[in-house]
Amino acid sequence: MTSTAAPSRAPDTLLVLLAVALVLAAIVPFVPAGFFAPGQPMSLASFQPGESALGLRLFSSDADHPGVLNLFFDGFTSGSRNGAAIGVIAFVLTVGGAFGLVQASGAIDNGLKRLIARFGHRPRLLLAVLFVAFSTGGAVFGMGEETIAFLALLLPLIRRLGYPPETGVMVTYMASQIGFGTSWMNPFSVAVAQGIAGLPLLSGAPFRMAMWAGFTAVGLAFALRYATAHRRAPEAMDTVDATATAGTASAPLGWVDHAVLWATLATVAWIVWGVTVAGYYIAEIATQFFALGLFAGVAAVLGGRISANGAVQAFTDGVRALVPVVLVIAVAKGMLGILGGSDPHAPSVLNTALYSMGSAIAGMPELVAAWGMLAAQSVFNFFVSSGSAQATITMPLMAGLGELVGVSRQVSVLCFQLGDGFTNLVIPTSAAMMGAIGVAGLGWLAWVRIIFRFMLLLMALSALTVALAVGIGYV
């Protein structure tokens, strides 16, 4: 007899994060909150251990003494319009509403049928082009949160081609973080870290370019292998392709479809220009996508596809669909408040942890110390997932520590970028990662199960890359 019991389900991502937050809240009162003396270079010598722990409460109206029950509120209100959490939350909700309007116009669905008819027989080529493009975006201008919007745009195509939604995450967000972690010119990580370490900006580029090419090739191979292994059966895909082709032949694209599709392409080009030339970030990009959604809604109403009230409802539905993602982002950022924040000159458990990691690698042999720095940066990224913020906090200390044990400042920056970039693929405190897998409908544990073997490979290759850099005297 076949069992009819419901299959067990993994805990929801929100439950996992809340459990982690409770564990941190239980530990924090027993760890002295240290800080680095203001007005002095960050070093082991400038660290002040602090006289007491933070003394967490259940709730508090004082932002300097957060309470456990303030987790959601503090998470929601942290950051600024250009950063997590409030900026990323506004970005996610705005883009969600915009794509609700784009989808309601019907243009994306009709356009995807045409794409499948043309490229359905070469889907691996399409995935490869997307992967390299997003990896380049991560390397050149630090693409991260921006991939959430592109993923929302590409998911219908990914699904229609027979691939699971995690394939879309791999060729967008994962690819961008591989590029981010191996970049030779990312202004938000490499340039910041080199400037703090006293190195010429964008120095050491040839080594990093070769590193980017190698890691991108490995990531692409993994993504294509996974996509191929989990694609729907050929007979199922043939049916989908036949249906799409028939639908395309019987229902050619109308003026609304052409208008919205061309507007979508123009918006993508506008975003690329804005990020690379005008210095746009998530606030401006959210506005660009809202403009696209507004245009799509007006075109759909004028074309008789939806009513004006229907357009408002489509926007609202798009926002509502991403509320679970927003809750996860808020909790992830609220954890940082429990630890005391990321200001190196204010008492926090985070500063104590940084000092402990720095002390652990002092006095080690050169290569072992470099590996220790790589591990320390990877762990620290759990608490501060922003590349520029992590560089600002850790590089003054790590660059000096590296020199004490013979590790060049260029290798110290390399350890920072590899540790910071790749762990963004799994840490639940990364608002961008949680947003991306949330848009794809994946829970955090489900994503980790899919990606953890590849993460182990990335970390092993990172260790080998650092060993090579030390061996050749990378400066």
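Treat each spin label as a single point 7 Å out from the Cα along the C-beta direction, and report the A26 to A205 distance in nm.
My value for the distance between the label points is 5.1 nm.
Per 0.36 nm of contour for each residue apart, how much would the distance between H121 and L464 grow if the chain were fully extended, relative to their Cα-Cα spacing?
Extra length from H121 to L464 when fully extended: 119.7 nm.
List residues of the range 409-429, by number, whose backbone nitrogen lies under 19 Å from a label position 7 Å along Cα→C-beta of A229.
Of the residues in the range 409-429, 426 have backbone N under 19 Å from the label point off A229.
Spin-label point model (7 Å from Cα, Cβ direction): what's the A266 to R81 distance in nm?
Each label point is offset 7 Å from its Cα along the Cβ direction, giving 2.5 nm.
Using label points projected 7 Å from each Cα along Cα→Cβ, tell me how many nm separate H345 and A221, to one decimal.
The answer from the label model is 4.8 nm.
Can you divide the C-alpha Rg of the range 90-207 by 2.2 N^0.38 Å and report the result to two decimal places? Don't skip to the end; give the middle numbers.
Values: Rg = 17.1 Å, N = 118, 2.2 N^0.38 = 13.5 Å.
In units of the 2.2 N^0.38 Å rule of thumb, it is 1.27.
Give the span of the range 387-458's Cα atoms along each principal axis, as three whole-Å numbers ordered largest to smallest.
Its Cα atoms span 46, 25, 14 Å along the three principal axes.
For helix 349-361, what angle does its Cα long axis make with the longest principal axis of the chain, in degrees from 0 to 90 and rounded to 10?
The two axes meet at around 70 degrees.
Enter the accessible area of H230 (Å², nearest 10), with the probe set to 1.4 Å and all protein chains included.
The accessible area comes out at roughly 90 Å².
Given R₀ = 25 Å, what would the calculated FRET efficiency be for A291 paired with A389, taking r from the Cβ atoms and rounding to 0.05?
0.25
Can you give me the relative contact order of the chain as a percent, contacts being Cα pairs under 8 Å and 6 or more apart? Don't skip to the end; give the middle numbers.
Numbers: 782 pairs, mean separation 123.7, N = 475.
Relative contact order here is 26 percent.
As a test of the definition: which semi-axes, in Å, follow for the chain when you take the square root of five times each eigenvalue of its alpha carbon gyration tensor? Largest first, please.
Working: eigenvalues 326, 136, 90 Å².
Whole-Å semi-axes of the equivalent ellipsoid: 40, 26, 21.
Between 0 and 90 degrees, rounded to the nearest ten: what's the tilt of helix 205-229 against the longest Cα principal axis of the chain?
50 degrees
Roughly to the nearest percent, how much of the accessible area of the chain is carbon and sulfur, given a 1.4 Å probe?
Details: 13560 of 19840 Å².
After summing per-atom areas, the C and S share lands at 68 percent.
What is the Cα centroid distance between the range 330-369 and the range 178-205, reported in whole angstrom?
Using only Cα atoms to place each centre, the spacing works out to 21 Å.
As I understand it, the value is the acute angle between the Cα axis of helix 234-250 and the longest principal axis of the Cα atoms of the chain; what does it come to in degrees, rounded to 10?
Rounded to the nearest ten degrees, it is 60.
The values are calculated or read from the model by the stated rules, or taken from the named source; none is laboratory data. What you see is a predicted model, and the numbers here were worked out from it, not measured in a lab. Quick reminder, even Gly has a Cβ in these numbers, built from the backbone with ideal geometry, and neighbours come from all protein chains shown. Only protein heavy atoms, including side chains, enter the accessible area calculation; ligands, DNA and RNA are left aside. Shrake-Rupley method; radii C 1.70, N 1.55, O 1.52, S 1.80 Å.
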